[in-house]
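Below: the structure, in structure tokens.
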Amino acid sequence: MDIRTDPRFRGIKPFTNRVWLSSPTMHGDEQRWVDDAIATNWVSTVGRNIDETEKALAEMIGVQYAVGLSAGTAALHLATKLAGERLYGRAKPNAGTLAGHKVFCSDVTFDASVNPVAYEDGEAVFIDTERDTWNMDPDALKEAFRRFPEVKLIVLAHLYGTPGKMEEIRAIADAHGALIIEDAAESLGALYRMKGRWVETGAIGDYNCISFNGNKIITGSSGGMFLTDRKEDADKVRKWSTQSREPAPWYQHEEIGYNYRMSNLIAGVIRGQIPFLNAHIEQKKAIYERYKAGLKDLPVTMNPFDAKKSIPNYWLSCMLIDEKAMAPHTRGELEEKWSHAKGKSSPGEILAALAAFRAGGRRGWRTMHMQPIYRDPVFGGEKDVGADLFRRGLCLPSDNKMTPEEQEIIIDIIHRCFR
Ligand SMILES: Cc1ncc(COP(=O)(O)O)c(C=O)c1O
């Protein structure tokens, strides 16, 4: 179907400037700190921008130590390796620290959350998702512990900037003596009420990670950070991330190393972005609220959160189509097919319509247990909430440079999809 000639969309003009899902927003200060690095010749993996960025984020998130790394994925890898060593001891140079061990993981997330379990030779067991926040379901986690009581590690992500049910999950982890790796890549600046006290996501797990990749709430163009309260872990991550050099006069190695440290140029961009984090969150919140109001007459709901327990950073606004309003829509491994039905629509149709008028958007995360590399039953799998969210859900254009007028047009396009 050609959307542009479909009479339902008559009168809509393509956006002159593409509206993105979520793109970098620079303010000017970033240039100042990058220039400073160049002018002072500190452009490598040491320098004032790295120090200041680590200090600012540790203070803001409320942890003792932050270590700047090349990516959130690098932070997750080293966090996973640290947890593996702490639980099971140091591995041989050619083996992962999790060999022979299972790890309970979020099912609805980006694969970067869970791939480090495989880098470390562990086996991910995916835990089903709850409907209140679209994050790891504590009941499914309990069920997984009943089946595999020996498991000692949980990797969980806060999806789209909405905190998961951390109080319950922390209690379950503690009851089993398990560690938590908190993947706060998408949720920087989001708050969660833990035992009556508001805390930042990224300060709740035993090992915590954030990302500054280009689509995140603030960006360094790339980059990530490892966060912890344990000095020995911060020191270890700093050492591993710079090729594991021992303090000898030559290159001496007792452990396998990685080239994962953050560059002082990237840190300059992040340093310039930090003062704008709250403004970005406000913009994203306004976007979420405009969608919520603008779509309320349609058979759809927005990505939910628990207002008593959490304040999201609203990184991505998402939408779930009511089952009764789903038009015919099938997905294979690499492609999908959809067709229109009056009064109904589908993620495929809505994303095609947005793309036709030069607006972004994305399908929700395809669950990890449906991915060919990880295909496996999910725990609490009879419900398989993640598969349902994937089928009926989509991420809406959530760029903080999108104007209210542009967003009105997007809301109008979505309405016309349901005609
Ligand atoms: C949930 C989640 N975890 C991890 C990552 C990986 O971060 P990075 O791209 O900085 O490696 C991302 C995003 O990219 C993410 O969304």
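Miscellaneous remarks
- When 41, 94, 49 are checked against the criterion of being over 30 Å from residue 172 (Cα atoms), surrounded by 22 or more Cβ atoms within 10 Å (Cβ to Cβ) and more than 16 Å from the ligand (Cβ to nearest atom), 49 stands alone in meeting it.
- With respect to being surrounded by fewer than 18 Cβ atoms within 10 Å (Cβ to Cβ), more than 11 Å from the ligand (Cβ to nearest atom) and among the aliphatic types (A, V, I, L, M), residue 175 fits the description.
- Selection status of residue 206, within 24 Å of residue 130 (Cα to Cα) and either touching a Cys at 6+ places or on another chain (Cβ under 9 Å) or within 11 Å of the ligand (Cβ to nearest atom) (or both): no
- Only one entry of 87, 78 meets the criterion of being at pLDDT 95 or above and touching a Phe, Trp or Tyr at 6+ places or on another chain (Cβ under 7 Å), and that entry is 78.
- Elements of type helices (runs of 4 or more DSSP H) in the range 225-335, at least 2 residues being within 28 Å of residue 348 (Cβ to Cβ): 277-294
- When residue 240 is tested against (1) buried (at least 16 other Cβ atoms within 10 Å of the Cβ); (2) more than 26 Å from residue 262 (Cα to Cα); (3) away from the ligand (no atom under 12 Å from the Cβ), just one condition goes unmet, and that condition is (2).
- So residue 65, is it of a type in the set (Ser, Thr, Tyr) and out of contact with any Asp or Glu (no Cβ under 8 Å at 6 or more places or on another chain): no
- Filtered by the rule that a residue be over 15 Å from residue 269 (Cα atoms) and among the hydroxyl-bearing types (Ser, Thr, Tyr), the range 41-77 gives 65, 73.
- Of all residues in the range 161-189, those that are over 23 Å from residue 66 (Cβ atoms) and not aliphatic (A, V, I, L, M) total 6.
- Residue that is farthest from the chain's Cα centre (by Cα), among those in the range 1-58 that are under 22 Å from residue 214 (Cβ atoms) and basic (Lys, Arg): 32
- Which listed residue is modelled with pLDDT of 95 or more, closer than 23 Å to residue 170 by Cα and within 16 Å of the ligand (Cβ to nearest atom), from 124, 71: 124
- Residue 405 meets the conditions (1) buried (at least 17 other Cβ atoms within 10 Å of the Cβ); (2) modelled with pLDDT of 95 or more; (3) not in a strand (DSSP E or B) in every case but one. The failed one is (1).
- Checked against (1) within 16 Å of the ligand (Cβ to nearest atom); (2) free of Cβ contacts under 8 Å to residues at least 12 places away in the same chain, residue 79 passes all but a single condition, namely (2).
- Selection status of residue 11, loosely packed, with under 13 Cβ neighbours inside 10 Å and not hydroxyl-bearing (Ser, Thr, Tyr): yes
- Yes/no for residue 162 being within 13 Å of the ligand (Cβ to nearest atom), under 23 Å from the mean Cα position of the chain (by Cα), modelled with pLDDT of 95 or more and surrounded by fewer than 24 Cβ atoms within 10 Å (Cβ to Cβ): no
Yes/no matrix, rows are residues, columns are (1) closer than 29 Å to residue 25 by Cα; (2) surrounded by fewer than 22 Cβ atoms within 10 Å (Cβ to Cβ); (3) not small (Gly, Ala, Ser):
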residue: 341; (1), (2), (3): no, yes, no
residue: 378; (1), (2), (3): no, no, yes
residue: 386; (1), (2), (3): no, no, no
residue: 391; (1), (2), (3): no, yes, yes
residue: 396; (1), (2), (3): yes, no, yes
residue: 412; (1), (2), (3): yes, yes, yes
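- Count of the range 181-199 residues, restricted to those that are within 11 Å of the ligand (Cβ to nearest atom) and not in a loop (DSSP other than H, G, I, E, B), is 3.
- When 29, 51 are checked against the criterion of being at pLDDT below 95 and within 22 Å of residue 263 (Cα to Cα), 29 stands alone in meeting it.
- Residue that is farthest from the ligand (Cβ to nearest atom) [pool: residues in the range 209-237 that are touching a residue at least 12 places away in the same chain (Cβ under 8 Å) and charged (D, E, K, R)]: 231
- The range 64-138 holds strands (runs of 3 or more DSSP E) entirely within its bounds, and those carrying 1 or more residues that are out of contact with any helix residue (DSSP H, G or I) (no Cβ under 8 Å at 6 or more places or on another chain) map to 102-106.
- Looking only at residues of the range 139-159 that are part of a helix (DSSP H, G or I) and out of contact with any Gly (no Cβ under 6 Å at 6 or more places or on another chain), we find that the one that is nearest to the ligand (Cβ to nearest atom) is 159.
The values are calculated or read from the model by the stated rules, or taken from the named source; none is laboratory data. Just so it is clear, the model here is predicted, and its values are computed rather than measured. Positions of Cβ are backbone-derived with ideal geometry, glycine not excepted, and every protein chain shown enters the neighbour counts.
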